[in-house]
Amino acid sequence: MNARNPETTTALFALTSQQSPTPRARRGGWSWGPVEGAKLRVLSLGAGIQSTTLALMAAQGEIGPMPDCAIFADTGDESTPTLETVAWLSSGNVLPFPIHRVSAGRKISDDIRLRATEGPGGSRRFASAPFFTGNGGRGRRQCTREFKIEPIEKEQRRLAGYLPRQIMPKGTVEVWIGISLDEVVRAGAAFARWAVHRHPLLEKRMTRQDCVAWLRRHDYPVPEKSACIFCPNRTDFEWRRLKERDPASFAAAVEIDALCRQAPGMRHQEFVHASRRPLAEIDFSSAEDRGQGMLDICEAGCGL
Ligand code: SF4
């Protein structure tokens, strides 16, 4: 662990005690401030409000040292506004460092489609998403790890100059995560032993609203939240925004929602909406903004 100001940090959040949603242990570290001796400094870019602000603040020299690059994990099911934000950040003179785009080589929606067509005796393994189940529970969140964390770690390893499975010393890679003060419960140490998470927005005591204000002050566009188009971790307000601003993505979410209930041999039906009703049947016309929502999202590396 590399904490420069542990007392302040402990008052803000208990990084080491946070439970991972998956069995994988957090074996890496976290740092309050830059990691001394890091070979690679990487910004984990989800292209939502927080990580976009982080990238632009680095570009403006307000947070440093400058990252060597950003890495964006494309699940293949990102919304159009998120992809537009990545394209804009990658263009021209917006950022002084490159954005590396990585993927798992397939889409989460491909898994869901295949699962819907495979017979009950099928042996193919699928990554599950945290859909709402008919028995009142949630599906396991394997998607984050397979479609975001693992491709990002693979790229970090490659950029740091290490072969797969080659031993990397602790603290080789400093990873910036765009978690703001209002999301502090999502902050955590890195999973990989050789990585160290840093949370610059927490160091600056910035909330999501502070990020929005900073973007507006600098005449930057305010991005939409980033998440897979069918991600169930959405408030009704966010579903309504998706429906109004990106109808094609919403239509795709409706299709995936229906496919979730077609998989043969499932013990419980799955739904993308918390009401456990088909997405196509839900009236979002009166959905109001009741706060931030989507705390359990992937951006910035699940706790990304
Ligand atoms: S945004 Fe949602 S569906 Fe996509 S990887 Fe993250 S938890 Fe899974």
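Flag: Arg245 matches the condition of being surrounded by fewer than 20 Cβ atoms within 10 Å (Cβ to Cβ) and more than 30 Å from Glu118 (Cα to Cα). The condition of being in contact with a Phe, Trp or Tyr (Cβ under 7 Å, 6 or more places away or on another chain) and closer than 29 Å to Arg241 by Cα holds for only one of Arg106, Arg115, Arg140, that being Arg115.
This table checks each residue for (1) surrounded by 23 or more Cβ atoms within 10 Å (Cβ to Cβ); (2) in contact (Cβ under 8 Å) with a residue 60 or more places away in the chain; (3) closer than 30 Å to Glu255 by Cα.
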position	(1), (2), (3)
Leu43	yes, yes, no
Ser51	yes, yes, yes
Gly61	no, no, no
Thr82	yes, yes, yes
Val86	no, no, yes
Gly92	no, no, no
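Any chance the range 246-262 includes a residue that's modelled with pLDDT under 95, within 21 Å of Ser285 (Cα to Cα) and of a type in the set (S, T, N, Q)? Yes, the conditions are met somewhere in the range 246-262.
For (1) away from the ligand (no atom under 16 Å from the Cβ); (2) in a loop (DSSP other than H, G, I, E, B); (3) in contact with a Pro (Cβ under 8 Å, 6 or more places away or on another chain); (4) modelled with pLDDT under 95, each residue gets a yes or a no:
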| position | (1), (2), (3), (4) |
| --- | --- |
| Ala129 | no, yes, yes, yes |
| Asp182 | yes, no, no, yes |
| Arg193 | yes, yes, no, yes |
| Leu201 | yes, no, no, no |
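Could you tell me which residue of the range 213-242 is surrounded by the most Cβ atoms within 10 Å (Cβ to Cβ), considering only residues that are away from the ligand (no atom under 16 Å from the Cβ) and touching a residue at least 60 places away in the same chain (Cβ under 8 Å)? So, considering only residues that are away from the ligand (no atom under 16 Å from the Cβ) and touching a residue at least 60 places away in the same chain (Cβ under 8 Å), the one surrounded by the most Cβ atoms within 10 Å (Cβ to Cβ) is Trp214.
The values are calculated or read from the model by the stated rules, or taken from the named source; none is laboratory data. The shown structure was predicted, so the numbers you read here are calculated from the model rather than taken from an experiment. Methodologically, a virtual Cβ is constructed for each residue, glycine included, from the backbone with ideal geometry; neighbour enumeration extends over all protein chains shown.
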